[in-house]
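A.B. asks: There's a structure below that I have some questions on.
The values are calculated or read from the model by the stated rules, or taken from the named source; none is laboratory data. None of these values were measured; they are calculated from a predicted model. No Cβ is skipped: glycine too gets one built from the backbone with ideal geometry, and neighbour counts run over all protein chains shown. Side chains included, ligands, DNA and RNA excluded: accessible areas come from the protein's heavy atoms. Shrake-Rupley method; radii C 1.70, N 1.55, O 1.52, S 1.80 Å.
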Amino acid sequence: MRKILSVLAAALLTGCASIADAGALADIAIVNRSTGERLQVYRHGGRMYVEGRAGERYAVELRNRTGGRILTVLSVDGVNAVTGQSAAANQSGYVLSAWDRAEIAGWRKDMSDVAAFYFTALPDSYAARTGRPDNVGVVGVAVYNEYVEAPRALLQAPAQAKSEVGRLAAGDAAAAPGPSAPAAAESSARAATATSESSAQRNKAADEKLGTGHGERIHAPTYSTEFRRASSTPSEVITIYYDSRQNLIALGVIPRQAKLPQPFPNGGFVPDPS
């Protein structure tokens, strides 16, 4: 039985929000942490994209659309946001209670803190700095339903009126964001020690491919819980790609805007023609 992490209630969000993508089990959005704005999603070629800007801190907002607990395994640039391992769907993640929402704002460093996510040039990304640059530019969430034993009364003959509440069976590692501040589902993080990046690194040319950096520590307490997956494969996987505006325009994701003539380019009186 492996333990999984659950974030404290403080990290949960309240109220209605516009979510970037709705799956059957979960919704996902990328949120600018400075403004609280959910980044616009562009759909192109059957994929979803958001525009990132170098230096901006962001969080991944997750929402459980079901009446039961789900496990959400979060991958950023091909790296598990909890453990720092090259991501695989069967790893640790966040457990969300029924209908809950939470923000995952960084790489899990320990049971109390995360290192902030921020958009940065590819060479400064956490994945590239740890020798794994091949999958930079994508955020993915693998979602699992929880296995719950049926009440014994339902499995026995009607004559036996005794019933037993279904127990939560523990099994695969999963992390649960219960309640917490920007929280990322997390197992004890084995990611590299926090490092501070210079603002110069964060403001490299926007047309360079973007990745996600390993930023300053953010207090995001968590606790462990147990979770047993209902199946060995995810019930759904939600994927969002990101890059600079220039690169998304070049890919045809964001339409090019033709320069239109302006009715009032200047003020003043009518001069004589030259």
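A.B. asks: Mind listing just one residue for me: the one in region 46-66 that is in contact (Cβ under 8 Å) with a residue 24 or more places away in the chain and open to solvent by 60 Å² or more (accessible area, probe 1.4 Å) and, of those, nearest to residue 123 (Cα to Cα)?
C.D. replies: Taking region 46-66 as the starting set, the residues that turn out to be in contact (Cβ under 8 Å) with a residue 24 or more places away in the chain are 47-66.
Now drop any that are not open to solvent by 60 Å² or more (accessible area, probe 1.4 Å), which leaves 47, 53, 63, 65.
Numbers: 47: 25, 53: 15, 63: 31, 65: 36 Å.
It comes out as 53.
A.B. asks: Of everything in region 128-142, what is free of Cβ contacts under 8 Å to residues at least 60 places away in the same chain and part of a loop (DSSP other than H, G, I, E, B)? Give them in sequence order.
C.D. replies: If the condition is that a residue be free of Cβ contacts under 8 Å to residues at least 60 places away in the same chain and part of a loop (DSSP other than H, G, I, E, B), then 131, 132 are the ones that fit.
A.B. asks: Just name the residue that is modelled with the lowest pLDDT out of those in region 98-127 that are assigned to a loop (DSSP other than H, G, I, E, B) and either farther than 18 Å from residue 142 by Cβ or open to solvent by less than 10 Å² (accessible area, probe 1.4 Å) (or both).
C.D. replies: Applying the first criterion (assigned to a loop (DSSP other than H, G, I, E, B)) to region 98-127 yields 98-100, 105, 109-112, 125.
Remaining after also requiring either farther than 18 Å from residue 142 by Cβ or open to solvent by less than 10 Å² (accessible area, probe 1.4 Å) (or both): 98-99, 105, 109-112, 125.
Working: 98: 97, 99: 97, 105: 97, 109: 97, 110: 95, 111: 90, 112: 93, 125: 98.
Here the answer is 111.
A.B. asks: For region 161-173, does any single residue satisfy the condition of being under 19 Å from the mean Cα position of the chain (by Cα) and at pLDDT below 50?
C.D. replies: Among the residues of region 161-173, at least one is under 19 Å from the mean Cα position of the chain (by Cα) and at pLDDT below 50, which makes the answer yes.
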